[in-house]
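First the structure, in the form of structure tokens, and then the observations on it.
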Amino acid sequence: MLAGRDIVNEYKNGQALIPVSMNATTNGVGVDCRDCGPEVIAVLNVGAAGGANTTCDVRLEESSDNSTFTNISGATFTQLGNTSSNTLQVIKTAKRSKRYVRAVATMGGGGTAAYCVGVSIHAPKVSY
């Protein structure tokens with residue numbers, strides 16, 4: 001999908017989850033994918049991952065109004081655990097049908113979670 005493409009000028013690029021240390025469920029910000037095709041590429045960048053017996057689940061959601069969000073089918077990253085530090089995951093072709101896309105990180109497990117994760121969204125622009 002990216003081979004031979006100009007990611008700066010041919011894609012809408014946005015930060016759907018700002019990289020910050022989190023220990024509770026965190027909703028990212030909506031990336032406006034207006035004038036883009038239905039496919040998006042999402043990149044999850046994990047810095048520190050920690051907390052004994054903890055997990056972090058990251059998924060993509062979509063919205064028509066940047067207020068009420070629903071899950072994008074199949075747009076879920078592999079679950080993170082306390083050994084997931086300094087890793088990268090990519091969802092290559094999430095299919096959205098609404099204008100805005102955000103990421104949500106949900107903490108789980110029995111301990112105190114401490115994860116530093118960020119998610120960027122890249123959506124190919126449609127040319128008219």
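Coordinate-derived values only; no laboratory data. It should be emphasised that the depicted structure is a prediction, and the values quoted were computed from it without experimental measurement. Neighbour counts are summed over all protein chains in view; Cβ atoms, including those assigned to glycine, are modelled from backbone coordinates with ideal geometry.
So the values come out like this:
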read-out	value
If the convex hull is drawn through the Cα atoms of segment 1-75, its volume per residue in Å³	134
Label-point separation, residue 13 to residue 68 (7 Å along Cα→Cβ), nm	3.4
Label point distance in nm, residue 88-residue 23, each placed 7 Å from Cα along Cα→Cβ	3.0
Base-10 log of normalised Debye intensity for segment 7-124 (one unit scatterer per alpha-carbon) at q = 0.15, 0.19, 0.21, 0.22 Å⁻¹	-0.60, -0.91, -1.07, -1.15
About the Cα centre, charge dipole magnitude for the chain (Lys/Arg +1, Asp/Glu -1 at Cβ), debye	140
Packing-based ranking, highest mean first, of 16-22, 39-45 given that Cβ atoms within 10 Å are counted	39-45, 16-22
